[in-house]
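Take a look at the structure set out below.
The values are calculated or read from the model by the stated rules, or taken from the named source; none is laboratory data. Being a predicted model, the structure only gives us computed values, none of them experimental. When we count neighbours, we look across all protein chains shown, and the Cβ atoms used for this are built from the backbone with ideal geometry, even at glycine.
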Amino acid sequence: MKKIISLLLIIIVVAGCNKEKVYKENLNGVWQVYKYLLNNTDKTQQFQNQHPNYTITFTDAGAYTEFLTNPDSTYVTGTYAFTDNDEKIVLQSTYYTYVTDSIGDTISTVPHIVERPYTIFNLTKDHVQLRNDTSQLYMNKP
């Protein structure tokens, strides 16, 4: 009986590790938003107008890059990790503010960490839905 329980525990641990690996493999690549809901209201056109050519790229190494244009092009880079038994993804990035003296010289740099958690739905190699408290991003690969 103890051998069966030990074997079952090993299988569960291996299956859990494989789930994260499969998720990373499926996320790997460039994604675009084809539908955006804000407070369960379709705001896709507004999102696309505010963020034309928006993409987010995931790597299987756990990094991501968001491309935004409004009006200038901006890249946001960071890392991602799975939480809550691989049901959520947390995007983490860092931005910096600079403290200057009275003549404009930088005295110090202050890092700020931004974490954005999303619940993952319907993840396949070419579709994913990310949901937080207020919005839902439906994305596919171009």
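Per-structure values
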read-out	value
Strands (runs of 3 or more DSSP E) wholly inside the range 58-130 that include at least 2 residues being small (Gly, Ala, Ser)	73-83
Hits in the range 74-117 (condition: among the hydrophobic types (A, V, I, L, M, F, W, C) and within 10 Å of the chain's Cα centre (by Cα))	Ala81, Phe82, Ile89, Val90, Leu91
Test: residue in the range 96-108 that is without any contact (Cβ under 8 Å) to a residue 24 or more places away in the chain, out of contact with any helix residue (DSSP H, G or I) (no Cβ under 6 Å at 6 or more places or on another chain), of a type in the set (Gly, Ala, Ser) and closer than 23 Å to Lys21 by Cβ	no
Residues of the range 129-140 that turn out to be without any contact (Cβ under 8 Å) to a residue 12 or more places away in the chain and more than 12 Å from the chain's Cα centre (by Cα), as a count	1
Residue check, Val90 surrounded by 15 or more Cβ atoms within 10 Å (Cβ to Cβ), under 15 Å from Tyr64 (Cα atoms) and of a type in the set (Val, Ile, Thr)	yes
Test: residue in the range 57-78 that is surrounded by fewer than 13 Cβ atoms within 10 Å (Cβ to Cβ), aliphatic (A, V, I, L, M), at pLDDT 95 or above and under 18 Å from Lys21 (Cα atoms)	yes
Tabulated pairs, the range 113-128, first without any contact (Cβ under 8 Å) to a residue 12 or more places away in the chain, second of a type in the set (D, E, K, R) and in a strand (DSSP E or B), C-beta under 9 angstrom, 6+ apart or interchain	Phe121/Arg131
Residues that are touching a residue at least 12 places away in the same chain (Cβ under 8 Å) and of a type in the set (Asp, Glu), drawn from the range 57-81	Asp60, Glu66
Lone qualifier among Asn53, Asn28, Asn39 - being under 18 Å from Lys141 (Cα atoms) and in contact (Cβ under 8 Å) with a residue 24 or more places away in the chain	Asn28
Flag if Asn53 is exposed (fewer than 12 other Cβ atoms within 10 Å of the Cβ), in contact with a Ser or Thr (Cβ under 7 Å, 6 or more places away or on another chain) and at pLDDT below 95	yes
